[in-house]
Amino acid sequence: MELGLDNKSFVVGGASSGLGRAVAQQLVTEGARVLLVARSEDAIQEVARELGEQAEQCTADVSQPSGVDKVATVAVDRFGTLDGVLINAGGPPLGPTLELTDEQWLDAFRLLLGGPVRLLRTLVPQMNDGASVLFITSSSVREPIQGLDASNVLRPGVAALVKCLAKELGPRVRVNSMAPGRIDTARSRSLDEARAEDFGISTEEQHRNVSEGIPLGRYGEPAELGRAAAFLLSPAASYITGVSLQVDGGLVSAVP
């Protein structure tokens, strides 16, 4: 299927590793141009070299106003206008509700909601008609995950934000989200290590236990999520807005 992404321009958040990197790779494969955004300059340079001339880079922390301003300036300078944005903020602090400090809760809010809203406030005016915004959330928007209380509380707010923005920005801009389950990234591996330590088992056993609870019997590959994301960001998904797509191998059993 032709996605219609040739020469389209996208800002990709969290592009130095994991899911953001996988989405950027797929967009470039489909012919798009990408502005890679991450906090680590060394890591983002490595990805930019790998992706070649279709990739630009911007080192910035978009949870801070100065980082948002920098991304907007670089995006307009490199591309002029935009065809989409991937909002991929990473994971908030681990821990149960009452053990997280006030500052950790505020940092989690800035990371998952405050920064993305500020970024879109700046970038939406630069978007072409038919542009697309895609948030990466988590399966915790449907079913809380033990030990990830900040994510469990705030990510459903992101899902609600997607619904609000889909109505506010339509018909010019589409807004959707993806709720990944266990994808084989450094973040998932670190969660397995922490949970294995809690249970007094090996990381390998924890991985097997989780995999057995997934109908497809395994963790997802980042590239699998990248392909789904490229579709939602593309003109091929032109009548899809305001939805949350679960990419979890059937892990979450909740009925929509």
For the chain, what does the relative contact order come out to in percent, with C-alpha contacts under 8 Å and a separation of six or more?
20 percent
Expected 222 nm ellipticity per residue - DSSP helices of 4 or more, -39500 (n - 2.57), all of the chain, to 500
-13500 deg cm²/dmol
Report the GluC sites (Glu not before Pro) located in segment 1-87 that are in a DSSP loop and have at most 14 other Cβ atoms inside 10 Å of their Cβ, or state none.
E2
Tell me, what HN-Hα J-couplings in whole Hz come from the Karplus equation 6.51 cos²θ - 1.76 cosθ + 1.60 at θ = phi - 60° for each residue of segment 146-157, using x for Gly and Pro?
4, x, 10, 5, 4, 5, 4, 7, 8, 5, x, x
With a 10 Å cut-off between alpha carbons and a GNM built on the chain, which of G147, G84, G18 moves the most?
G147
Segment 1-105: relative contact order from alpha carbon pairs under 8 Å, six or more residues apart, as a whole percent, is 28 percent
Choice from D184, D102, D61 with maximal GNM fluctuation in the chain (Cα, 10 Å cutoff)
D102
Would you mind ranking L113, L225 by Cβ crowding within 10 Å, fewest neighbours first?
L113, L225
Quick one: which residues, 5 or more positions from L245 or on another chain, have an amide H under 5 Å from its amide H? H modelled 1.01 Å from N in the peptide plane, none for Pro or chain starts.
S177, M178, A179
What are the radius of gyration and Dmax of the chain, computed over its Cα atoms and given in Å?
17.6, 54
Only Lys, Arg (+1) and Asp, Glu (-1) charged, at Cβ; segment 121-256 dipole about Cα centre in debye:
720 debye
For K167, go through the aspartates and glutamates and keep the ones whose alpha-carbon is under 19 Å away, minus same-chain ones fewer than eight residues off.
D83, D129
Quick one: Karplus J couplings for segment 51-68, per residue in order, coefficients 6.51, -1.76, 1.60, θ = phi - 60°, nearest Hz, x for Gly and Pro?
7, x, 5, 7, 10, 10, 9, 8, 8, 7, 9, 7, 7, 10, x, 5, x, 4
Would you work out which of V243, N209, P222 lies farthest towards the positive end of the dipole of the chain? Charges go on Cβ: Lys and Arg +1, Asp and Glu -1.
V243
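Computed from the coordinates by the stated procedures, all read-outs in this text should not be read as laboratory data. This is a predicted model, so every value here is computed, not measured. With ideal geometry, Cβ positions are generated from the backbone for all residues, glycine too; neighbour counts draw on all protein chains shown.
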